[in-house]
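J.: Before we start, here is the structure in question, set down as structure tokens.
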Amino acid sequence: VSGQRVISNLALVGFMGCGKSTVGQQVAGELDFEFVDVDTQSKAHSLII
């Protein structure tokens, strides 16, 4: 639709244990986005954040 922004990515930032993953999974489901947990990805590839 003309004049509307299209969101392709969304990042949630906050302290450990504040619910980013929980909210992220819910939002991803509502927007039909893929949910990617950066903590899980960094551990899988032996990266330190």
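J.: List every residue pair whose Cβ atoms sit under 7 Å apart, with the two residues 6 or more apart in sequence or on different chains, where the first one lies in region 34-45 and is within 15 Å of residue 16 (Cα to Cα) and without any contact (Cβ under 8 Å) to a residue 60 or more places away in the chain and the second, anywhere, is hydroxyl-bearing (Ser, Thr, Tyr) and in a helix (DSSP H, G or I).
T.: Pairs that qualify, where the first residue is within 15 Å of residue 16 (Cα to Cα) and without any contact (Cβ under 8 Å) to a residue 60 or more places away in the chain and the partner is hydroxyl-bearing (Ser, Thr, Tyr) and in a helix (DSSP H, G or I), are 37/21.
J.: While we're on this one: Name the one entry in 42, 46 that is out of contact with any helix residue (DSSP H, G or I) (no Cβ under 6 Å at 6 or more places or on another chain), loosely packed, with under 11 Cβ neighbours inside 10 Å and modelled with pLDDT under 85.
T.: Answer to the check: 46.
J.: Within region 20-49, work out how many residues are among the aliphatic types (A, V, I, L, M), assigned to a loop (DSSP other than H, G, I, E, B) and within 25 Å of residue 6 (Cβ to Cβ).
T.: 1
J.: Assess whether residue 2 counts as being among the hydroxyl-bearing types (Ser, Thr, Tyr) and assigned to a helix (DSSP H, G or I).
T.: no
J.: What number of residues in region 12-26 are of a type in the set (A, V, I, L, M) and loosely packed, with under 11 Cβ neighbours inside 10 Å?
T.: Adding up the residues that qualify gives 2.
The values are calculated or read from the model by the stated rules, or taken from the named source; none is laboratory data. Treat the numbers as computed from the prediction; the structure is a model and nothing was measured. All Cβ positions, even for glycine, are placed from backbone atoms using ideal geometry, and neighbour counts span all protein chains on display.
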